[in-house]
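I have placed the structure first, in the form of structure tokens, so that the comments after it can refer back to it.
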Amino acid sequence: MPETSHQLLLGALGDDSAVYALSKWPSFDPLFALILEFILKAGNGPLMSVSVQKITEPLLIGEGPHWDETTQALYFVGTNEQTIHKYVLETGVHTKTTLPGRVGFIIPVEGATDQFVVGVEHNFLIINWDGEEGSDVKIIKELGEVDQDSPNTFLNDGKADPRGRLFAGTMCDMGPGVEFIPEKGGFYRLDERGVTQLCDKITISNGLAWDLQEKAFYYINTVENKIRRYDYDVETGEISNQRHIFDLKKNKMTGGPDGMTIDTDGYLWVALFNGSAVIKVDPKIGTVVDKVAIPAEQVTSVTFGGPNLDILFVTTARFNLGSEQEPPCGATFMVTGLGAKGHPNMSVSVQKVTEPVLIGEGPHWDEQTQALYFVSIDEKTIHKYVPETGLHTKTTLHGRVSFIISVEGASDHFVVGLERQFVIIKWDGGDGSEVEIIKELAEVDIETPANRLNEGKVDPKGRLFAGTMGQMAPTGEFEKEKGSLYRLDDRGCVKICDKINVSNGLAWDMKEKAFYYIDSIDYKIRRYDYDVETGDISNKSYVYDFKKNEVNGGPDGMTIDTEGNLWVAIFYGSCVLKVDPRSGIILDKVDIPAKQITSVTFGGRNLDTLFVTTASLNIGEEQKPPCGAIFMVTGLGVKGHPNVKFKLPAN
């Protein structure tokens, strides 16, 4: 039987067995094939039509597309025009403004409205832009400079990895009148440790993509005409073991590889410069799975976006490289109907948010002011940090201060632990401004005057729980069993545990009716039954033993996420551990670039940023910066509960 259109249809679907069976069936009816074709076209299967739509007017070099889920907007750049752009999918509004140099990428900063990290010439910058047409851009901070010895390079493609670290590279200048010198660029990582060069001898740094399941990082140096694969360590951001997994020349692809993204099935989508297309590559077997034609020759980069992350946004250029590039060349396009989805684009986390202190402690996120409050114990200071502006202010108290927590109903009132006293203070948050003591609520451990209060938090009903610790020797040792744990509420100040060594982490789980508590020298996490109506705790047990599990360092401060997992700061462990208290298993480990991790809390607008305090105590060895700084960790995929404000006792 001759091959017919309906057989070609089924063949296109990849169903060779169906083609064969139908062709051999004695009563095969062409009408049946037409009906089958209609059914298939009506469904959501492989015959779904692909649509390529122009959404912006042309630029000379459109680049660096980034989809921001918070604003449901696409951000991208016009490299040579020195512009940054915002396109709102729902309204079609396209705005732009100008920067003082060629710009390679724009990525929102996690937890900070209207702040972006951009690559301008050789510099990583944090800027403030309200997204309005032509509005002024304010440079907030310079994060680092690269290629200082290579003036004829500039930053090109950049993206944030799954932990919020920035990866970006440079390319050699190819402009008119400039000598083109290959292999003068580099590839870099920017995180709390600063700028680190990962690769040298780069000519045109381009596409970047991560696959957590495969523990892989994919990267393109365009002139190689290949896709590199590295082994990727998500905890450290280190890459290693370079090899090539796809060769465009061997696969007879027209054009060179440029920007790149990855879908949820692990396929790479690669822009072909001078190839008028985006190709879909299977990196496991090194083959082209699909090809999408784009009505522009110079396709520069791609990213998934849209409400369902199933729209492929494509940037293009219109260089005159021997032939004029007529519109729509240079436009930005959106491609629908691909049947694929991408991962959310990561926002960049500039993880170190303050300069070092001696003992950073007691982080408390205040939702009303969208600010982080914390203390530096031995420096006797209280601090306020506002992520949206980057403003960090502090002032001094007249004694060692262990925690600061907002008071319900009073925006500038706080309860603090001052030496051995619970005190209500008034502070306007200004740098160096005076603090007024409003009320002394209680004094504890009167019989042990060398003690001081340590970690304190408020339970879900607004009661204050806080504990004390004995005196610390210069060697780092503490007086044993000199402290206690207290509860402060309408009934007064009540001792609920005694013989405490170093009172630390506190967390409540309403669903489990549980209170979790850490005495650091126990090297365990305690669990108590918790009565939310009375604040009483009972029936002590242990849910995790750090010594038995051979964890380096000791447990310090602690918080809990909405899934009931505990996040524990590990003093002298350089990390925060995620512990499931129900199974006693460590679920995750977040490395922090400081040894003495003191406490943690969730914050930010979506309560999905983990703020981490650290110390820089010289206990036998000097703790160099960034030890003692405050960090924020993003991209963890979890959220915390709102920090509760202290409810003033009625009496």
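The values are calculated or read from the model by the stated rules, or taken from the named source; none is laboratory data. Just so it is clear, the structure is predicted and the values come from calculations on it, not from any experiment. When we count neighbours, we look across all protein chains shown, and the Cβ atoms used for this are built from the backbone with ideal geometry, even at glycine. Accessible surface areas use protein heavy atoms only, side chains included; no ligands, DNA or RNA. Shrake-Rupley method; radii C 1.70, N 1.55, O 1.52, S 1.80 Å.
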statement: Scanning the stretch 101-124 residue by residue, the ones that are of a type outside the set (D, E) and under 17 Å from E388 (Cβ atoms) total 9
message: For the condition modelled with pLDDT of 95 or more, buried (at least 20 other Cβ atoms within 10 Å of the Cβ) and over 25 Å from E192 (Cα atoms), what is the one hit in H85, H66?
response: H85
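For the stretch 146-160, give me each residue that is surrounded by 13 or more Cβ atoms within 10 Å (Cβ to Cβ) and out of contact with any Asp or Glu (no Cβ under 9 Å at 6 or more places or on another chain).
Filtering the stretch 146-160 for residues surrounded by 13 or more Cβ atoms within 10 Å (Cβ to Cβ) gives 146-147, 150, 152-160.
Within the stretch 146-160, V146, D147, S150, G158, K159 meet the criteria.
Please find, among K280, K291, the residue that is without any contact (Cβ under 8 Å) to a residue 40 or more places away in the chain and touching a Lys or Arg at 6+ places or on another chain (Cβ under 8 Å). Working first, answer last.
On the way: K280 fails: without any contact (Cβ under 8 Å) to a residue 40 or more places away in the chain.
The conditions single out K291.
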- request: Filter the stretch 579-591 down to residues that are in contact (Cβ under 8 Å) with a residue 60 or more places away in the chain and within 21 Å of the chain's Cα centre (by Cα) and give me whichever is most open to solvent (accessible area, probe 1.4 Å).
  value: K589
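Considering only strands (runs of 3 or more DSSP E) fully contained in the stretch 333-420, which possess at least 2 residues that are more than 19 Å from V612 (Cα to Cα) and either out of contact with any Lys or Arg (no Cβ under 9 Å at 6 or more places or on another chain) or modelled with pLDDT of 95 or more (or both)?
Numbers: elements: 360-366, 371-376, 381-386, 391-396, 401-407, 410-418.
Hits in the stretch 333-420: 391-396, 410-418.
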task: Give the residue that is surrounded by the most Cβ atoms within 10 Å (Cβ to Cβ), with candidates limited to residues of the stretch 608-651 that are of a type in the set (K, R) and touching a residue at least 24 places away in the same chain (Cβ under 8 Å).
output: K645
- line: The one condition V494 fails out of (1) open to solvent by 30 Å² or more (accessible area, probe 1.4 Å); (2) of a type in the set (A, V, I, L, M); (3) touching a residue at least 24 places away in the same chain (Cβ under 8 Å); (4) not in a loop (DSSP other than H, G, I, E, B) is (3)
query: Residue check, K280 against (1) part of a strand (DSSP E or B); (2) under 27 Å from D68 (Cα atoms); (3) of a type outside the set (S, T, Y); (4) open to solvent by less than 10 Å² (accessible area, probe 1.4 Å), all met but one. Which one?
result: (4)
field: Members of the stretch 194-215 that are within 16 Å of M346 (Cβ to Cβ) and outside any loop (DSSP other than H, G, I, E, B)
entry: G207, L208, A209, W210, D211
task: Kindly indicate whether any position in the stretch 324-347 is outside the structural domain of A216 (by the TED database), open to solvent by less than 10 Å² (accessible area, probe 1.4 Å), closer than 14 Å to A209 by Cα and small (G, A, S).
output: yes
Failed item in (1) in contact (Cβ under 8 Å) with a residue 40 or more places away in the chain; (2) under 21 Å from T354 (Cβ atoms); (3) part of a strand (DSSP E or B), with A442 passing the rest: (2)
task: Considering only the stretch 618-651, state which residues are touching a strand residue (DSSP E or B) at 6+ places or on another chain (Cβ under 8 Å) and within 14 Å of S574 (Cβ to Cβ).
output: Q623, P626, C627, G628, A629, F631, V633
field: Hey, I227 among the hydrophobic types (A, V, I, L, M, F, W, C), under 30 Å from G175 (Cα atoms) and free of Cβ contacts under 8 Å to residues at least 40 places away in the same chain or not
entry: no
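Please go through the stretch 415-433 and pick out each residue that is in contact (Cβ under 8 Å) with a residue 60 or more places away in the chain and under 32 Å from the mean Cα position of the chain (by Cα). Spell out the reasoning first.
Filtering the stretch 415-433 for residues in contact (Cβ under 8 Å) with a residue 60 or more places away in the chain gives 415, 422, 424, 429.
Across the stretch 415-433, the qualifying residues are V415, G429.
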Condition check for R189: under 18 Å from the mean Cα position of the chain (by Cα), part of a strand (DSSP E or B) and surrounded by 14 or more Cβ atoms within 10 Å (Cβ to Cβ): yes
- request: Out of D519, D545, report the one residue that is under 27 Å from P593 (Cα atoms), surrounded by fewer than 19 Cβ atoms within 10 Å (Cβ to Cβ), among the acidic types (D, E) and modelled with pLDDT of 95 or more.
  value: D545
